[in-house]
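The values are calculated or read from the model by the stated rules, or taken from the named source; none is laboratory data. Computed from a predicted model, the values in this text were never measured in an experiment. Heads up, the Cβs are rebuilt from the backbone with ideal geometry, glycines too, and the neighbour counts pull from every protein chain shown.
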Amino acid sequence: AAVAAESSTGTWTTVWTDGLTSLDRYKGRCYHIEPVAGEENQYIAYVAYPLDLFEEGSVTNMFTSIVGNVFGFKALRALRLEDLRIPPAYSKTFQGPPHGIQVERDKLNKYGRPLLGCTIKPKLG
């Protein structure tokens, strides 16, 4: 439940904006917890998020909400995201890139190999 709250509407402190709207509409909910077989104090938590929490068409907003601050959550010793399911209604809002891979390869003059990019996040490693 703490992971669901921290990755949706939870904050470390009370802020004045808390009273402006009902947060229940936006809260992530932990709907199932099961112990990891053969591992002490390890669990798999299933968390669902309301689509209203995310900006339509923004993969960045979705991932920032789900895996942003929660990986620095001090109440947990370790955390790992193992699966993510995106409802078709939400995935249809993603516009996709404005052009295809060939345009990117032409700009970079890189062909015949994967193109990789990342932002270094020390808490996610």
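Scanning the stretch 94-118 for residues being in a loop (DSSP other than H, G, I, E, B) and either within 29 Å of the chain's Cα centre (by Cα) or at positive phi (or both) gives a total of 15.
May I ask you to say which residue of L23, L84, L79, L53 is modelled with pLDDT of 80 or more, out of contact with any His (no Cβ under 8 Å at 6 or more places or on another chain) and surrounded by 13 or more Cβ atoms within 10 Å (Cβ to Cβ)?
L53
Select from the stretch 33-42 the residues that are outside any loop (DSSP other than H, G, I, E, B) and exposed (fewer than 10 other Cβ atoms within 10 Å of the Cβ) and list them in ascending order. Talk me through it step by step, then tell me what you get.
Initially, the stretch 33-42 is screened for residues outside any loop (DSSP other than H, G, I, E, B), giving 33-35.
If the condition is that a residue be outside any loop (DSSP other than H, G, I, E, B) and exposed (fewer than 10 other Cβ atoms within 10 Å of the Cβ), then E34 is the only one that fits.
Among the residues of the stretch 53-93, those that are over 13 Å from the mean Cα position of the chain (by Cα) and in a loop (DSSP other than H, G, I, E, B) comprise E56, G57, F73, K74, A75, L76, R77, A78, P87, K92, T93. Screening N61 on (1) in contact (Cβ under 8 Å) with a residue 40 or more places away in the chain; (2) surrounded by 10 or more Cβ atoms within 10 Å (Cβ to Cβ); (3) not aromatic (F, W, Y) shows it passes everything except condition (1).
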